Structure formats: C-alpha cells, structure tokens
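Written out below as structure tokens is the structure these notes cover.
The values are calculated or read from the model by the stated rules, or taken from the named source; none is laboratory data. The structure presented is a predicted model; accordingly, all values stated were derived computationally and were not measured. Counting neighbours? That spans all protein chains shown, and the Cβs are built from the backbone with ideal geometry, glycine included. These area figures cover heavy atoms from the full protein model, side chains too; ligands, DNA and RNA do not enter into them. Shrake-Rupley method; radii C 1.70, N 1.55, O 1.52, S 1.80 Å.
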Amino acid sequence: MNLLNNIENIIFNSPRWKLLLVLFVIMIFKTGIFYHPNLWQHLEVAKSPFKNFFENSAHLHYFYQNWFGSFVAGFVGAKTKVLFFLFHLFFSFAFVLLFIKFLFKNLSEQTARISIIIFFLLPVSGTVFYFVGYDSVTLFLIALGLYFHRNILILLLIGTALGMQHFELAFVGIAFLLFALLIDKLAGNKEDFSIIFPLVLIIGVILGKILLIL
C-alpha cells in the first residue's frame with residue numbers, strides 16, 4: 001500500500017521535473033539509445049544536399065526524399081558521425097519535451113500528468129530514442145505544428161518542412177487528424193482545434209514535396 005501511495009504521490013504531487021526525470025530514466029532504461037541503421041546514408045545527404053551522392057546507386061536515391069533534416073544538419077556543420085547523431089538525438093529530446101510542454105499548456109495539471117504517463121507508455125516515446133534518426137526531426141516538426149496550431153503562417157512553414165522531410169508519414173498522420181476533427185465537429189463537440197489547422201499543414205506538406213521534387 002505504501003508503494004502505491006508513493007507512486008501516486010510522484011504522479012500527482014511531486015514537482016514536474018521530478019515526474020519527468022523518473023519517466024525519462026525508466027524509458028531510457030527500457031529502450032536504450034541507438035541510431036537508425038540508415039543514419040549514415042542520411043549523413044552523405046548532409047554532406048551533399050544539392051548533388052545526388054547516390055547517383056551511381058539508383059536504388060538509394062530515396063534518401064534524398066528525407067532531405068530537410070539532413071540539409072539543416074549540414075548547414076549547422078553536423079557532418080561527422082558523432083555530430084550528426086547528436087543533432088538527431090537533440091530532436092528526439094526536443095520532440096518529447098515540446099509535446100510535454102504542449103500538454104501542460106493545454107490541459108489541467110492532473111489531466112496533463114496522466115496524459116504524459118500514457119504518452120511514455122506508447123511506443124513512439126521510446127522508439128524516437130531507440131531509432132535516433134531522420135524521423136526524430138519529423139516527429140519534432142509534427143509536435144511543433146501541434147504547438148503552433150493557431151498560427152497559419154508558421155503552420156504553412158512547418159508543413160513545407162515536413163513535406164521535404166517525410167512526406168508520407170506527415171500526410172497520412174495529418175489526414176487522420178483532419179478526419180478525426182471532422183468527426184468531432186459533426187458530433188457537435190466544440191474543441192479548441194479548428195479544421196483549418198490540419199488543412200494548412202497538409203497544404204504545406206504538399207507544397208514541400210513539390211519544392212523537393214523541383
């Protein structure tokens with residue numbers, strides 16, 4: 001009984017930093033930190049963002065379809081294996097922390113804490129550390145779009161970056177969100193999210209894909 005009381009106290013009564021520290025330690029112990037097997041191919045894109053490094057290996061051209069993160073890494077000088085890995089690990093942490101900040105900003109304290117625990121139980125919170133790589137950037141951009149869901153200009157820019165980073169994942173994920181919001185509106189629920197939010201993101205994603213192709 002004392003154990004349950006201690007767990008309840010950590011979840012609902014401890015300072016936020018202590019709850020998050022406990023959750024991060026458990027998650028890292030459970031999943032570890034490792035890099036995506038294809039990470040070093042993306043490093044070659046960072047070194048050569050405007051000329052196809054794989055032009056003599058046509059079956060590898062798709063690494064240029066996840067271009068945005070590699071371009072940014074090259075732009076900031078993360079062109080060694082260690083720096084390239086740390087660059088993506090930064091976005092793994094940034095994704096999780098930004099999503100947590102979003103929950104605390106938009107939910108009551110108790111509901112946010114419960115939601116964060118559920119989030120840490122879901123595979124995405126651990127996979128982003130077990131497979132540190134290009135989708136660390138993808139998930140951060142999606143969380144960034146969620147955080148700035150009221151700012152149309154920023155949403156359009158984020159959507160464009162997503163279209164250059166991982167078009168398929170972004171398009172399908174945002175399309176499902178749009179469908180869920182439409183169902184919610186038809187059910188008569190008045191939520192804080194407008195369907196304009198995913199619509200602008202999808203427009204940006206399509207625009208980003210077109211720019212990447214060009």
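For every residue, the table says whether it meets (1) open to solvent by 90 Å² or more (accessible area, probe 1.4 Å); (2) within 30 Å of Lys105 (Cα to Cα); (3) in a helix (DSSP H, G or I).
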{"site": "Asn9", "(1), (2), (3)": "no, yes, yes"}
{"site": "Lys18", "(1), (2), (3)": "no, yes, yes"}
{"site": "Pro37", "(1), (2), (3)": "no, no, no"}
{"site": "Leu43", "(1), (2), (3)": "no, no, yes"}
{"site": "Tyr64", "(1), (2), (3)": "no, no, yes"}
{"site": "Phe71", "(1), (2), (3)": "no, no, yes"}
{"site": "Ala78", "(1), (2), (3)": "no, no, no"}
{"site": "Leu83", "(1), (2), (3)": "no, no, yes"}
* Structure fact -> For Lys30, the lone unmet condition from (1) more than 21 Å from Ala143 (Cα to Cα); (2) open to solvent by less than 90 Å² (accessible area, probe 1.4 Å); (3) not hydroxyl-bearing (Ser, Thr, Tyr) is (2)
* Asked: What number goes with the only condition from (1) part of a loop (DSSP other than H, G, I, E, B); (2) touching a residue at least 12 places away in the same chain (Cβ under 8 Å) that Lys30 does not pass?
  -> (1)
* When the stretch 185-199 is examined, which residues are found to be at pLDDT 75 or above and either open to solvent by 20 Å² or more (accessible area, probe 1.4 Å) or over 21 Å from the mean Cα position of the chain (by Cα) (or both)? -> Lys185, Leu186, Ala187, Phe193, Ser194, Ile195, Ile196, Leu199
* Asked: Which one of the conditions (1) touching a residue at least 60 places away in the same chain (Cβ under 8 Å); (2) more than 18 Å from Ala73 (Cα to Cα) does Pro123 fail to meet, given that it meets all the rest?
  -> (1)
